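K.L.:
Supplied in structure tokens, the structure appears directly below.
The values are calculated or read from the model by the stated rules, or taken from the named source; none is laboratory data. None of the values given here were measured: they were computed from a predicted structure. Cβ coordinates were reconstructed from backbone atoms using ideal geometry, including for glycine residues, and neighbour counts include every protein chain displayed. Note: areas computed on protein heavy atoms with side chains; ligands, DNA, RNA excluded. Shrake-Rupley method; radii C 1.70, N 1.55, O 1.52, S 1.80 Å.
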There are 2 protein chains.
Amino acid sequence: MRSLGRHILVEFYDCDPLALDDLDLVEHSMKEAAIVAGSTIVDSVFRRFAPHGISGVVVIAESHLAIHTWPEYGYAAVDLFTCGEKVDPWAVHDHLQDAFRAGDSECKELPRGELRVLGEDACHKPAGSSGPLSHQVG
Amino acid sequence: MRSLGRHILVEFYDCDPLALDDLDLVEHSMKEAAIVAGSTIVDSVFRRFAPHGISGVVVIAESHLAIHTWPEYGYAAVDLFTCGEKVDPWAVHDHLQDAFRAGDSECKELPRGELRVLGEDACHKPAGSSGPLSHQVG
């Protein structure tokens with residue numbers, strides 16, 4: 001482990017515009033994606049905006065999964081922040097690509113909280129820390 | 001405008017560990033930061049985890065503001081997704097740096113939904129789109 005978290009940013013292009021503007025479909029797909037990927041859902045917020053577009057976030061025990069859609073462009077911006085090794089980000093990608101019928105996608109992965117910057121050896125826990133690096137619901 | 005959104009990822013280092021583990025302080029600071037930056041809060045979710053650490057998201061009309069804290073490392077990962085020109089991401093940064101007494105920070109800004117990739121001229125709205133590029137609460 002070299003960082004506390006991984007942040008995966010996904011651009012979905014050429015999606016079905018009706019899917020991207022359907023609040024129930026987007027919310028259901030995002031929650032399903034979180035479960036399929038092996039994460040534990042803590043809470044969620046989804047809203048539809050006028051004249052079109054949806055924003056939503058699923059807070060998971062392993063961090064978060066967020067989406068913003070622009071149906072008029074057939075475009076959705078998704079980001080998945082995970083900590084620990086439990087969650088499979090590519091399962092999220094594949095599930096949402098199917099749900100939105102995306103013709104194309106692009107992904108970036110960024111380490112968050114790099115241990116070399118935090119002054120920690122990747123093989124050791126910090127002194128005084130007894131906690132796991134993935135959060136548990138309190 | 002060259003992209004539909006801007007995604008700003010901020011690493012806060014050498015923070016006050018007690019601040020990063022205080023649910024009320026983190027939630028209050030994040031909401032204040034959203035307001036100071038000129039955004040409109042739509043909804044929010046904040047949770048404290050065992051043995052320590054907080055995750056939270058403020059959904060704003062202009063997208064979202066999320067945080068995950070690791071008090072044991074004095075570290076917080078913040079990300080701000082904005083669309084439109086209204087929100088000042090650096091006001092968010094400065095407000096949270098003060099709130100968490102961060103000794104250091106690092107920022108990355110990534111364009112989301114680049115218009116050249118979406119096949120749109122940056123100076124023109126897409127045909128058939130009458131809507132603003134920043135969302136309005138529906």
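K.L.:
Restricting the first residue to the stretch B:84-100 and requiring it to be on the phi < 0 side of the Ramachandran plot and among the charged types (D, E, K, R), which pairs with a second residue that is at pLDDT 90 or above and surrounded by 21 or more Cβ atoms within 10 Å (Cβ to Cβ) meet a Cβ separation below 8 Å and a spacing of at least six or different chains?
P.N.:
Matching pairs, first to second residue: B:K86/B:S39; B:D88/B:A37.
K.L.:
Something else now. Assess whether B:D104 counts as being at pLDDT 95 or above and over 11 Å from the mean Cα position of the chain (by Cα).
P.N.:
On the way: at pLDDT 95 or above: yes; over 11 Å from the mean Cα position of the chain (by Cα): yes.
In short, yes.
K.L.:
Let me ask you something else. Can you tell me how many residues within the stretch B:41-78 are within 7 Å of chain A (Cβ to nearest Cβ) and acidic (D, E)?
P.N.:
Here the count works out to 2.
K.L.:
Given the conditions (1) under 20 Å from B:G84 (Cα atoms); (2) crowded, with 24+ Cβ neighbours inside 10 Å; (3) in contact (Cβ under 8 Å) with a residue 60 or more places away in the chain, report the number of the one that A:G74 does not fulfil.
P.N.:
It is condition (2) that A:G74 fails.
K.L.:
Kindly provide the set of residues from the stretch B:2-56 that are among the polar types (S, T, N, Q) and under 18 Å from A:V58 (Cα atoms), ordered by number.
P.N.:
The first filter runs over the stretch B:2-56 and keeps only residues among the polar types (S, T, N, Q), leaving B:3, B:29, B:39-40, B:44, B:55.
Within the stretch B:2-56, B:S44, B:S55 meet the criteria.
K.L.:
Let me ask another. Identify all residues within the stretch A:28-39 that are open to solvent by 50 Å² or more (accessible area, probe 1.4 Å) and in contact (Cβ under 8 Å) with a residue 24 or more places away in the chain; write none if there are none. Full working, then the answer.
P.N.:
Quick first cut of the stretch A:28-39, residues open to solvent by 50 Å² or more (accessible area, probe 1.4 Å) only: A:28, A:31-32, A:35-36.
Matches in the stretch A:28-39: A:K31, A:E32, A:V36.
K.L.:
If you scan the stretch A:16-27, which residues turn out to be over 18 Å from the mean Cα position of the chain (by Cα) and open to solvent by less than 50 Å² (accessible area, probe 1.4 Å)?
P.N.:
Once the filter is applied, which keeps residues that are over 18 Å from the mean Cα position of the chain (by Cα) and open to solvent by less than 50 Å² (accessible area, probe 1.4 Å), the stretch A:16-27 yields A:D16, A:A19, A:D21.
K.L.:
Quick one: in the stretch B:19-29, of everything that is among the hydrophobic types (A, V, I, L, M, F, W, C) and more than 13 Å from chain A (Cβ to nearest Cβ), which residue is nearest to B:A91 (Cα to Cα)? Talk me through it step by step, then tell me what you get.
P.N.:
Kept after step one, since they are among the hydrophobic types (A, V, I, L, M, F, W, C), are these residues of the stretch B:19-29: B:19-20, B:23, B:25-26.
From the residues that got through so far, the ones that are more than 13 Å from chain A (Cβ to nearest Cβ) too are B:19, B:25-26.
Values: B:A19: 19, B:L25: 18, B:V26: 16 Å.
Among residues in the stretch B:19-29 that are among the hydrophobic types (A, V, I, L, M, F, W, C) and more than 13 Å from chain A (Cβ to nearest Cβ), the one nearest to B:A91 (Cα to Cα) is B:V26.
K.L.:
Oh, and also: Can you tell me which residue is modelled with the lowest pLDDT among those in the stretch A:119-138 that are touching a Gly at 6+ places or on another chain (Cβ under 9 Å) and open to solvent by less than 30 Å² (accessible area, probe 1.4 Å)?
P.N.:
Only one residue tops the list, namely A:G131.
K.L.:
Within the group A:V59, A:V42, which residue is touching a strand residue (DSSP E or B) at 6+ places or on another chain (Cβ under 8 Å) and surrounded by fewer than 22 Cβ atoms within 10 Å (Cβ to Cβ)?
P.N.:
A:V42
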